[in-house]
Amino acid sequence: MNPSELARVAGAMVAKGRGILAADESSGTIKKRFDGVKLESTEEHRRTYREMLFTAQGAADSVSGVILYDETIRQKTRDGVPFPQYLAKQGMIPGIKVDLGAKPLAGFPGETITEGLDGLRERLIEYRALGARFAKWRAVIDIAEAIPTAFAVAANAHALARYAALCQENDIVPIVEPEVLMDGGHSIERCQQVTEEVLERVFAELFTHRVTLEGMVLKPNMVISGKKAANRARPEAVAEATVRVLKRHVPPAVPGIAFLSGGQSPAEATLHLSLMNQMGPALKAWGGAAANFGAGQKEFARRAKLNGLATIGRYAAEMESQAA
């Protein structure tokens, strides 16, 4: 493990004014998105969609790193340049999603555990050789009556820490993503309570597993009301609660935070200072048509630019129409 290199990469991933692009949709997830624009989910269509994003003019100005999927990290541009190599040359750090998804947690109805630890060391070695310099693992915590249980929180925190330790062993920066879902009708206060419990357990496990905090990036949910809540908290309350929780539970050694949008609309996520780029608008603008390739790139670059401004507090809602 090279702590100084891990810290360098982690710092570059959270550079001011830039965000991390999630291009790591599984084949099943991207099929659903393609279905929404009546486009068949073929390997070539998936490759072209990702190339549209990666080669958009000005992308590197707003994007510090790109999370790839197993299929995508092996694909190339139309000119035959491997995606990781292309991204690195443009100044965007290539990363890889390594978890195998959230599966039902046996004995705990309504709760999940993220799988993928078996064989992870060998997969990380291969991904590093393919160009990945960081990885992502997502733990999912749902809020409902009687859940989350302390065991589900502990099990997912333990898996996140094991993953993070394996990443650093192979000189790969781990993105630690404990997501408290915004599904349901819970209040922002309930979300804050659960998020605090989750972050406290996650960092306890990271410390126990001897993970170097300077060589990781945290990717948490925002503290926000459930989608079905009767009186959802205002954006100002979301920002205040989120900052309060992070100050309380994230050690200052962590170089930065890349927020996930967690089901929010692109404009809502940006307003809440999200670093997670939403690719839905770009996908709709492209729609699989070669003639719309540039339009898709323009929409992506627009969203990335607005998210970049949000990271330094210079975003305003009226920019949604001005940037069009």
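The values are calculated or read from the model by the stated rules, or taken from the named source; none is laboratory data. Fair warning: this is a prediction, and the values are worked out from it, not measured in the lab. Here Cβ is always computed from backbone atoms with ideal geometry, including for glycine, and neighbour counts include all displayed protein chains. Areas reflect the complete protein model, heavy atoms only, side chains present, ligands, DNA and RNA absent. Shrake-Rupley method; radii C 1.70, N 1.55, O 1.52, S 1.80 Å.
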TODO: Looking at (1) under 29 Å from P3 (Cβ atoms); (2) in contact with a strand residue (DSSP E or B) (Cβ under 8 Å, 6 or more places away or on another chain), find the lone condition where L213 falls short.
DONE: (2)
TODO: Tell me which residues, restricted to segment 126-177, are of a type in the set (D, E) and in a loop (DSSP other than H, G, I, E, B).
DONE: D142, E145, D171
Open item on the list: Return the residues of segment 29-45 that are out of contact with any Gly (no Cβ under 9 Å at 6 or more places or on another chain), in a helix (DSSP H, G or I) and open to solvent by less than 50 Å² (accessible area, probe 1.4 Å); say none if nothing qualifies.
Closed with: I30
- [ ] Please tell me if A146 is more than 19 Å from the chain's Cα centre (by Cα) and either of a type in the set (S, T, Y) or modelled with pLDDT under 95 (or both).
- [x] yes
TODO: Answer with yes or no whether E200 is modelled with pLDDT under 95 and acidic (D, E).
DONE: no
Open item on the list: Looking at segment 176-190, can you tell me whether even one residue there is free of Cβ contacts under 8 Å to residues at least 24 places away in the same chain and farther than 30 Å from E5 by Cβ?
Closed with: yes
Task: Which numbered condition Q297 misses (of (1) modelled with pLDDT under 90; (2) assigned to a loop (DSSP other than H, G, I, E, B); (3) open to solvent by less than 40 Å² (accessible area, probe 1.4 Å)) - done: (2)
TODO: Restrict the check to segment 74-85 and report whether at least one residue is over 22 Å from G308 (Cβ atoms), among the aliphatic types (A, V, I, L, M) and in a loop (DSSP other than H, G, I, E, B).
DONE: yes
Task: Subset of segment 67-103 that is within 15 Å of L53 (Cβ to Cβ) and of a type in the set (S, T, N, Q) - its residue that is surrounded by the fewest Cβ atoms within 10 Å (Cβ to Cβ) - done: Q90
Task: Any hit, segment 50-66, residues being more than 25 Å from D171 (Cα to Cα), out of contact with any Pro (no Cβ under 7 Å at 6 or more places or on another chain), part of a helix (DSSP H, G or I) and open to solvent by 50 Å² or more (accessible area, probe 1.4 Å) - done: yes
TODO: Hey, can you tell me all the residues within segment 1-23 that are in contact with a Ser or Thr (Cβ under 8 Å, 6 or more places away or on another chain) and either open to solvent by 60 Å² or more (accessible area, probe 1.4 Å) or of a type in the set (D, E) (or both)?
DONE: M1, P3, K16
Task: Per-region count, segment 202-220, residues surrounded by 21 or more Cβ atoms within 10 Å (Cβ to Cβ) and among the polar types (S, T, N, Q) - done: 0
Task: segment 221-250, subset in a helix (DSSP H, G or I) and closer than 11 Å to S187 by Cβ, residue least open to solvent (accessible area, probe 1.4 Å) - done: A241
TODO: Could you grab me the full set of residues in segment 106-125 that are part of a loop (DSSP other than H, G, I, E, B) and open to solvent by 20 Å² or more (accessible area, probe 1.4 Å)?
DONE: A106, G107, F108, P109, G110, E115, L117, D118, G119
